[in-house]
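Q: Mind having a look at this structure? Questions to follow.
The values are calculated or read from the model by the stated rules, or taken from the named source; none is laboratory data. Nothing here was measured: the structure is a model prediction, and the numbers come from that model. Here the Cβ positions follow ideal geometry from the backbone for every residue, glycine too, while neighbour counts run over all protein chains shown.
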């Protein structure tokens, strides 16, 4: 009788043991890989949120002050709402600066220890272009009431300041203000600027297209208003707006030509309504009812635990000009152009979930410095 070949019990036991060892090693490597992937993913989330928030802030800071008076926009002290801060601009501020620091005006998150900062930047919006005209017509290309180029346009004031109502009619020959998402809406901020002289008195000025309101022209005046009504080509600025801006008189007393420019007032702050998920918010103007959908506040980064801004500010009393130091002790009173040279931005973020191994959050931060566009120049030659 032939003996059948096979494995002995000892051989099977040894082989099974080796298989268990190999499988355990493989599973351990796989588990380590899964944990490493989880850790990389959590860190990537923090970096993605930091980059997204920083990109928005840097982009807006580089445009701060574009198209508005370098010294700021005149306002009634203490009467204008400051977006994102829960209050009004400081009583000492008679202008809205292109860069408005909000030192510790934000909330204190679970881990920040101190109140976070806010930042408000203001600049002209150049997106409203009437492409039906060649090569295209900008909102501020012609004075609203330019009798030569825009005979159907007008700026009419009813009542007197501080309770005046201003009605503006745009001539379709110059601009169509209903351009889809870029059209004018209730809640938009409009800077009305008057020329120092009437452009119509100079044919050469019209020919050279210098009729546009000049911010640097002696005698020019400005007023910032909030649109409270839009009806076709007609916009209205009535008292009682959300910003508290309306009620002022027509710039130039109604005797000069007036140019309109839409402004963006953009505020960054941390929304801590959900303490477990603090959000970095980018709010454009105020979130008023019926406002332009493009100007609604929106989160730009998640789980941002703290945000701080520091500034290199010229001491206006020093000759030659010198920087106030250290930056964190600089007075907000100097936080206005042309004193600000550089803005240091610091964002602190954590992962959205805890790491399963340590049961702790991953944390990261991002720091950058922005030289304010064209505003870091100081004339040392008096």
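Q: Report, by residue number, each residue of segment 68-89 that is on the phi > 0 side of the Ramachandran plot and either at pLDDT 85 or above or surrounded by fewer than 17 Cβ atoms within 10 Å (Cβ to Cβ) (or both).
A: Taking segment 68-89 as the starting set, the residues that turn out to be on the phi > 0 side of the Ramachandran plot are 72, 78, 84, 86.
Matches in segment 68-89: 78, 86.
Q: Then there's this: Among (1) farther than 22 Å from residue 274 by Cβ; (2) crowded, with 20+ Cβ neighbours inside 10 Å, where does residue 38 come up short?
A: (2)
Q: Sticking with this one: Filter segment 41-72 down to the residues that are closer than 26 Å to residue 97 by Cα and assigned to a helix (DSSP H, G or I) and list them by number. Show your work before the answer.
A: At the first step, the residues of segment 41-72 found to be closer than 26 Å to residue 97 by Cα are 52-72.
52, 53, 54, 55, 56, 57, 58, 59, 60, 61, 62, 63 - these are the residues of segment 41-72 that are closer than 26 Å to residue 97 by Cα and assigned to a helix (DSSP H, G or I).
Q: Condition first: in a loop (DSSP other than H, G, I, E, B) and under 24 Å from the mean Cα position of the chain (by Cα). Now tell me which residues in segment 245-277 satisfy that. Walk me through how you get there before you give the answer.
A: Of all residues in segment 245-277, those in a loop (DSSP other than H, G, I, E, B) come to 245-250, 255-257, 272-277.
Scanning segment 245-277 gives 245, 246, 272, 273, 274, 275, 277.
Q: Among 44, 24, which is the only one that is out of contact with any helix residue (DSSP H, G or I) (no Cβ under 7 Å at 6 or more places or on another chain), loosely packed, with under 14 Cβ neighbours inside 10 Å, closer than 21 Å to residue 361 by Cβ and modelled with pLDDT under 90? Break it down into steps so the answer makes sense when it comes.
A: On the way: 24 fails: closer than 21 Å to residue 361 by Cβ.
Of the residues listed, the single one that is out of contact with any helix residue (DSSP H, G or I) (no Cβ under 7 Å at 6 or more places or on another chain), loosely packed, with under 14 Cβ neighbours inside 10 Å, closer than 21 Å to residue 361 by Cβ and modelled with pLDDT under 90 is 44.
Q: Can you tell me which residue among 139, 184, 191 is at pLDDT below 90 and under 30 Å from residue 372 (Cβ atoms)? Give the steps one after another, and end with the answer.
A: Values: 184 fails: at pLDDT below 90; 191 fails: at pLDDT below 90.
On inspection, the qualifying residue turns out to be 139.
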